[in-house]
Amino acid sequence: MYHAIVFFPLIGALIAGLFGRFIGARMSELVTTGCLAFAALLSWGAFFLVTGDGQAKTEQVVQWFSAGDLVVDWAFKVDTLTAVMLVVVTSVSTLVHLYSIGYMHEDPHRPRFFAYLSLFTFAMLMLVTADNLVQMFFGWEGVGLASYLLISFWYEKPSANAAAMKAFIVNRVGDFGFSLGIFLVFVLTGSVGFDAIFAKAPELKDASFHFLGHDWHALTLACLLLFMGAMGKSAQFLLHTWLPDAMEGPTPVSALIHAATMVTAGVFMVARLSPLFELAPTALTVVTVIGGITAFFAATVGLVQNDIKRVIAYSTCSQLGYMFVGLGVGAYATGVFHLFTHAFFKALLFLGAGSVIHAMHHEQDMRNMGGLRRYIPFTTAMMTIGTIALIGFPFTSGYYSKDAIIEAAYMSDRPGHVLAFLATVIAALMTSFYSWRLFFLTFEGPQRWVANGAHGHDDHAHAATAHAADGAPGHHEGVAHDDQGHDVEPASHSAIEHHDDHAHTPHESPLVMTIPLAILAFGALFAGLIFKERFIGHDMDKFWGNALPHGSGNDIMHKIHDAPGWVAASPFVMLVLGFLLAFWMYLRRPDLPHRLAESQPILYRFLLNKWYFDEIYDRIFVRPAKNFGLFLWKEGDGRVIDGLGPDGISARVVDITRGVVRFQTGYVYHYAFVMLVGVAGLITWYLVSGVPGGTH
């Protein structure tokens with residue numbers, strides 16, 4: 001069964017990728033979607049089968065390779081954590097495949113698109129079923145490669161290529177640390193298999209390792225290096241810059257990357273290696289602090305973004321911070337539970353945003369929307385459900401998982417828990433505000449699209465060449481820019497260019513797009529209620545078995561029930577305040593946001609330009625790297641290597657031959673002179689070299 005779950009998406013990818021031009025786009029869609037649907041059904045069966053007893057097992061596929069003491073098997077580690085991830089990955093991917101049939105219906109390269117989607121899913125399944133670090137790294141890099149292909153799917157669009165390269169390179173930074181962590185774990189334990197590592201880890205509790213001239217606590221160093229990889233994949237603070245630019249890919253790609261797969265890989269990795277992190281409390285403190293900072297930082301940036309997809313992208317970044325807070329304070333079950341519930345409502349929000357973009361003739365700027373509730377009522381209802389689940393409205397999925405993380409952060413006694421608690425509570429207020437801001441700007445208020453026309457960048461209905469002239473990622477018509485091209489203030493409606501000569505009436509999406517929304521809405525509403533007792537409630541011990549540690553994490557899970565009433569009520573208070581503030585600013589006083597931005601231009605630009613991380617990194621890393629590369633190319637490669645090497649030698653040979661040719665004049669005395677010079681040279685060589693018969 002597990003072989004079928006993992007390999008059916010690969011089979012679909014190979015059929016669509018290799019034979020798509022022969023079987024056609026429709027058959028490619030049906031084959032890949034059918035393979036994913038079959039894998040999803042098997043995954044749910046495996047979920048209920050495995051979680052019934054909480055017992056883990058290993059299924060070996062083949063012995064992969066061996067090198068000295070290193071023996072790596074290709075095997076599936078099947079436990080509750082694996083089963084949860086299988087359900088999340090295959091279910092969301094199936095719905096994204098189905099949704100893409102409608103969303104991408106006019107794209108001429110659908111077989112390639114669906115092949116990439118299925119390849120992406122296969123790589124993620126390889127990652128979550130890994131029995132050892134090497135197999136996990138294989139899936140880890142496979143996800144990175146497939147994301148590069150999907151983000152740059154419209155490869156003739158310069159901004160899409162730039163975004164894909166940015167995602168790939170930033171992730172390489174994290175993956176470098178992940179690789180070093182794997183190497184160190186092997187040095188310490190002599191194995192890369194999880195069971196062997198976890199069995200050996202307690203013996204290394206007090207071990208040290210000499211690195212960079214210092215003696216480090218060995219497991220702390222290993223966990224920090226491993227977490228560096230998680231920071232890259234899960235877009236945590238400092239390595240987050242690739243995430244919003246990934247919106248340059250088609251909207252279904254955004255849903256797949258940001259809901260269930262790539263960005264949750266880091267969360268899964270820390271949960272899988274939690275027995276190691278439990279023995280490295282300093283590393284867990286770093287996880288907690290980074291998670292709290294990320295939750296706060298991304299929420300601040302989401303407050304002022306105008307692209308509907310970018311708002312949801314920063315929301316993803318913030319929610320990932322919540323997950324790492326749960327893991328960092330030792331409440332691993334809460335972090336994974338939020339991963340589980342987040343997949344449903346975040347996929348719903350992204351696909352709902354895609355339905356809005358589809359209805360708005362590819363417009364993505366929320367300032368050019370408004371009043372859509374009357375035209376796309378079903379999409380409006382689905383976005384409402386996704387919004388209330390994201391903000392943690394009582395009895396929705398987000399309510400159970402996010403509130404549990406906030407309470408766990410408060411009840412923890414680990415260093416950094418106070419910062420994490422404050423950051424997550426404040427982020428809950430901002431999450432509510434920017435979520436309702438998105439909703440009100442898009443579905444309520446005046447119909448700004450009637451006057452402004454519709455024009456956007458996620459043009460799934462046209463070939464990619466239509467986008468070749470688009471500007472930098474995230475810059476849209478109607479946005480004022482400074483001399484560096486950065487957004488500086490909200491656009492006035494009079495400044496927005498008219499790209500359509502006639503108004504475009506919004507329309508509801510077809511059934512193939514709305515059915516996935518309805519299924520995800522059910523999960524966003526009820527997944528938390530249905531599974532809360534298993535994940536974080538009375539049945540938790542039986543449900544998780546040995547998949548997660550039974551140490552201080554479970555103690556915190558029991559302490560959550562003793563949290564003060566004001567702590568439990570704080571997320572609800574924050575979501576109410578955020579709703580009221582957004583309602584006042586965008587429905588009652590729609591002039592207020594523009595006036596506020598004008599009165600606080602420094603703060604507004606600071607948030608709109610994402611704390612200037614891109615500019616800082618460009619100045620510190622990108623430009624010096626480009627200049628250094630240019631120097632190596634021009635001076636090192638061109639002047640030194642080529643100048644003294646092949647180009648220099650060939651040039652000197654040409655110079656010498658040109659000089660020699662001048663003696664070929666046809667005059668005998670010229671030849672005689674050359675012969676005399678040669679004889680003189682030979683005699684001199686004999687005299688100086690001391691050959692037999694010569695003088696010493």
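Some observations on this one:
- Projecting the Cα atoms of 118, 183, 108 onto the charge dipole of the stretch 70-223, computed from C-beta unit charges around the Cα centre, puts 108 farthest toward the positive end.
- The charge dipole of the chain, taken about the Cα centre with unit charges on the Cβ atoms of Lys, Arg (+1) and Asp, Glu (-1), comes to about 240 debye, rounded to the nearest 20.
- Sequence ranges 76-83, 64-71, ranked by mean other-Cβ count within 10 angstrom, highest first: 76-83, 64-71
- For the chain, with +1 on Lys and Arg beta carbons and -1 on Asp and Glu, the positive-most of 516, 149, 137 along the dipole: 149
- Square roots of 5 times each gyration tensor eigenvalue, C-alpha, the stretch 332-376, largest first, Å: 30, 9, 9
- With semi-axes defined as the square roots of five times the eigenvalues of the C-alpha gyration tensor, the equivalent ellipsoid of the stretch 567-614 measures 25, 18, 7 Å, largest first.
- Scattering curve values for the stretch 276-354, log₁₀ I(q)/I(0), Debye with Cα scatterers, q = 0.11, 0.13, 0.19 Å⁻¹: -0.32, -0.43, -0.79
- Taking 0.36 nm per residue of sequence separation and removing the Cα-Cα distance, the residue 637/residue 558 pair yields an extension gain of 22.1 nm.
- Compactness of the stretch 117-204 as Cα Rg over 2.2 N^0.38 Å, two decimals: 1.33
- In a DSSP loop and with at most 12 other Cβ atoms within 10 Å, the trypsin sites (Lys or Arg not before Pro) in the stretch 599-696 are 662.
- Comparing 241, 322, 561 along the charge dipole axis of the chain, the residue lying farthest to the positive side is 241, per the Cβ-charge model.
- Reachable lysines from residue 166, criterion Cα separation under 30 angstrom, eight or more residues apart if same chain: 157, 233, 309, 346, 610, 626, 634
- Ranked by how many other beta carbons lie within 10 Å on average, peptides 301-314, 225-238, 196-209, 569-582 from highest: 225-238, 301-314, 569-582, 196-209
- Given charges at beta-carbon only (K, R positive; D, E negative), |dipole| of the stretch 514-655 in Debye: 460 debye
- Helical segments meeting 30 Å axial Cα length and Kyte-Doolittle 1.0 threshold in the chain (DSSP H): 2-53, 80-103, 158-189, 281-302, 332-359, 417-443, 511-536, 668-689
- Distant alpha-carbon pairs in the stretch 550-696 (separation over 23 angstrom), percent: 77 percent
- Potential extension, residue 613-residue 522 segment - 0.36 nm per residue separation minus Cα distance: 29.0 nm
- Sum of side-chain charges, residue 166 neighbourhood, beta-carbon under 10 Å (Lys, Arg +1; Asp, Glu -1): -3
- Relative contact order of the chain, taken over Cα pairs closer than 8 Å and 6 or more residues apart, is 14 percent.
- Based on the Kirkwood approach, the hydrodynamic radius assigned to the chain is 27.3 Å, with every pair of different Cα atoms included.
- Counting only protein heavy atoms and a 1.4 Å probe, the chain has 40 square angstrom of accessible area per residue.
- Length gained on full extension, residue 508 to residue 529: 4.6 nm, using 0.36 nm per residue less the C-alpha separation.
- The separation of the stretch 164-242 from the stretch 273-312, counted between C-alpha centres, amounts to 18 Å.
- The stretch 67-74 - phi-based ³J(HN,Hα) in whole Hz, Karplus 6.51/-1.76/1.60, Gly and Pro as x: 9, x, 7, 8, 10, 10, 9, 8
- Placing +1 on the Cβ of every Lys and Arg and -1 on the Cβ of every Asp and Glu, with nothing else charged, gives the stretch 231-376 a dipole about its Cα centre of roughly 260 debye.
- When the helices of the chain are scored as -39500 (n - 2.57) per DSSP H run of n ≥ 4 and the total is divided over every residue, the value at 222 nm lands at -21500 deg cm²/dmol.
- Note on the stretch 251-321: along the principal axes its Cα atoms extend 43, 25, 8 Å, ordered by decreasing extent.
- Percent of C-alpha pairs per 10 Å bin, the stretch 341-430, short to long: 16, 36, 27, 15, 6, 0
- Volume per residue that the Cα convex hull of the stretch 166-300 spans, once the total is divided by residue count, Å³: 110 Å³
- Label sites at residue 687 and residue 44, each approximated as a point 7 angstrom past Cα along Cα to Cβ, lie 10.2 nm apart.
- Projected label distance in nm at residue 169 and residue 650, using a 7 Å step from Cα toward the beta-carbon: 3.1 nm
- Within the accessible area of the stretch 192-326, the carbon and sulfur atoms contribute 67%, probe 1.4 Å, all protein chains present.
- Net +/- balance of residues flanking residue 117 in space, Cβ distance below 12 Å, scoring K and R +1, D and E -1: +1
The values are calculated or read from the model by the stated rules, or taken from the named source; none is laboratory data. Fair warning: this is a prediction, and the values are worked out from it, not measured in the lab. All Cβ positions, glycine included, derive from the backbone under ideal geometry; neighbour counts span all protein chains shown. These accessible areas exclude ligands, DNA and RNA; they are computed on the full protein's heavy atoms, side chains included. Shrake-Rupley method; radii C 1.70, N 1.55, O 1.52, S 1.80 Å.
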